[in-house]
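Undergrad: Shown below is the structure under consideration.
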Amino acid sequence: MTTATNLLEERFLESGALRLRYLAGGSGDPVVLVHGLGGSVANWVELLPQLVERHRVLALDLPGHGGSGRLGGGSGMSDFAGAVAALIEHEEAAPALVFGHSFGAHTALRLVRRRPDLVGGLLLAAPAGIATGTRVLQAAVRVSIAVRPARLVAPFRDRFAQRLWYRRALFRPWFVSDPLSLSPRATVGFLEGAHAHTDLGTAASAMLADDPRHDLEQVSCPVVLLWGARDAQLPLDDAFEYARRLRGARLRVVADCGHLVIGERPHACLDAMADLVALTN
């Protein structure tokens, strides 16, 4: 684990036939961190030191990712949301603030519709679910899952993370807008779990098959949306549509930032979390 993730205790949860790996630490209002497709708990390295000073933090590896087991074939977004719900219930952390990124934000939206009693507020960083319904992005996701390029370059992360050319080659423009702002620690964090994934295909299929827009108007908890102005994966139009459909949601657009806002602009994420905390108090 990276230095930042060492701030938390590694734990495991047996939920039926599913084994979930997660990290826990800190004290205060509970915050649950849900990473994106192909990610892991290490994705949050830039945020964990500050979050554990202010909150009780729970960060899980989603099913099929990192050290967690896999779901059965044919599982949908509700099943991934169910894994997050099992963690919140097991840790008696309800109502929790749920901070999801991309696929993790999509999962958080399914969670709040399935178990609103477990969620006190949502911080959604570039949630998937709208543009990922288009043919172009669906094809891109399927190719990425089949090839798994992160697994090929991850073995070199500790050696080359300090090099700007390495960060630029891996992350720009599809993931970040400004590779200079992506620290070596964040670079390692985004690549750390790539070797351990056992089933990204089920998560990808669940995401591509689900359109969360149909019932967004029924989300009643406070919501803050966070979006990189130069997100090359999920366009800013998606941010505006989510903001329109989620009643009372606050939208924060981060200048010169791409899709990996949780690593590229950590201070914007912490400010957004502080905004969400204020809305829920």
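The values are calculated or read from the model by the stated rules, or taken from the named source; none is laboratory data. The shown structure was predicted, so the numbers you read here are calculated from the model rather than taken from an experiment. Because the Cβ atoms are built from the backbone with ideal geometry, glycine has one as well, and the counts that use them run over all protein chains shown.
Undergrad: Quick check on my filter: what residues within the stretch 202-222 are within 14 Å of ASP79 (Cα to Cα) and touching a helix residue (DSSP H, G or I) at 6+ places or on another chain (Cβ under 7 Å)?
TA: Result: ALA203, ALA204, ALA206, MET207, ASP210.
Undergrad: Here is a follow-up. Pairs needed: first member in the stretch 117-139, in contact (Cβ under 8 Å) with a residue 40 or more places away in the chain and under 17 Å from LEU246 (Cα atoms); second member anywhere, among the hydroxyl-bearing types (Ser, Thr, Tyr) and not in a loop (DSSP other than H, G, I, E, B); C-beta distance under 8 Å; at least 6 residues apart or different chains.
TA: From residues that are in contact (Cβ under 8 Å) with a residue 40 or more places away in the chain and under 17 Å from LEU246 (Cα atoms), the pairs are GLY120/THR280; GLY121/THR280; LEU124/TYR242; PRO127/TYR242; ILE130/TYR242.
Undergrad: Let me ask another. What number goes with the only condition from (1) in contact (Cβ under 8 Å) with a residue 60 or more places away in the chain; (2) surrounded by fewer than 16 Cβ atoms within 10 Å (Cβ to Cβ); (3) within 30 Å of ARG19 (Cα to Cα) that PRO155 does not pass?
TA: Condition not satisfied by PRO155: (1).
Undergrad: Here's another thing I want to ask about it. Scan the stretch 245-268 and give yes if some residue there is crowded, with 18+ Cβ neighbours inside 10 Å, in a helix (DSSP H, G or I), free of Cβ contacts under 8 Å to residues at least 60 places away in the same chain and under 18 Å from the mean Cα position of the chain (by Cα), otherwise no.
TA: yes
Undergrad: For the condition within 30 Å of ALA255 (Cβ to Cβ), at pLDDT 95 or above and buried (at least 24 other Cβ atoms within 10 Å of the Cβ), what is the one hit in VAL98, VAL84?
TA: After ruling out the rest, the residue left standing is VAL98.
Undergrad: Any residue at all in the stretch 206-218 that is acidic (Asp, Glu), in contact with a Gly (Cβ under 9 Å, 6 or more places away or on another chain) and modelled with pLDDT under 95?
TA: Yes: one or more hits.
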